[in-house]
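J.: Let me give you the structure first, and then I'll get to my questions.
Read-outs: derived from the displayed coordinates by stated rules, not from any lab. None of these values were measured; they are calculated from a predicted model. No Cβ is skipped: glycine too gets one built from the backbone with ideal geometry, and neighbour counts run over all protein chains shown.
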Amino acid sequence: MHLVFDSLTGNVRRLAHRIAARAAGMDVQDVRSGWIGDPFLLLTYTFHRGDVPESTRAFLRGAGRGLRGVVASGSYHWGTNFARAADVIAAEHAVPIIAKVNKGGTDADVALILAWLASATAPNPTNLQTVTFTGGTHGTLD
Ligand SMILES: Cc1cc2nc3c(=O)[nH]c(=O)nc-3n(C[C@H](O)[C@H](O)[C@H](O)COP(=O)(O)O)c2cc1C
């Protein structure tokens, strides 16, 4: 499994590298670098009132077949559009939402994503689940 991220201001890039540092041997790459191999977990952010960044869309047009799950960052500030890029991508590509995170995510978000990666990369992955975001009070509000 590879990690692929899209990031404008650095939150998702930092999250991706935090995860990669804890998942030995997992490579991490920017969407702008193009296809890095299948399968992969995509980490991206939400833009323009709940939309998917065009750079993420462009990457998925070429590499979408390898997508196994999506993590989207957003900000609680955006209310019902919070991290909505995850919903859009999950629906368009029929993949599970692994996490919706506020900004760069919390330690709990990192642990959850690592647990999914461990399950997804096990020799006989069984128990792959869609994780439903249930809200929370952690993180920042801006
Ligand atoms: C112009 C603009 C629009 C945004 N729109 C949304 C949005 O609709 N929903 C949301 O949850 N976050 C939205 N955000 C917040 C970003 O998704 C959030 O800050 C994210 O962590 C950015 O990731 P990055 O630092 O990796 O680029 C928006 C941010 C900006 C600057």
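J.: Using only alpha carbons, build the gyration tensor for the chain and give me the equivalent ellipsoid semi-axes, biggest first, whole Å.
T.: 21, 17, 14
J.: How high is the FRET efficiency from His77 to Leu114, r the C-beta distance, R0 30 Å, rounded to 0.05?
T.: Computed FRET efficiency for His77 and Leu114 comes out at 0.65.
J.: Sticking with this one: What is the calculated FRET efficiency for Asp51 to Asp107, with r their C-beta to C-beta distance and R₀ = 35 Å, to the nearest 0.05?
T.: E between Asp51 and Asp107, to the nearest 0.05, is 0.80.
J.: Could I ask something else about it? Restricting to the range 1-113, what percent of DSSP beta bridges are antiparallel, rounded to 5?
T.: Roughly 5 percent of the beta bridges in the range 1-113 run antiparallel, per DSSP.
J.: Next question, about the same structure. Say each of Ser33 and Arg14 gets a label point 7 Å from the Cα, pointing the same way as Cα to Cβ; how far apart are those two points in nm?
T.: Reported label-point gap for Ser33 and Arg14 is 2.0 nm.
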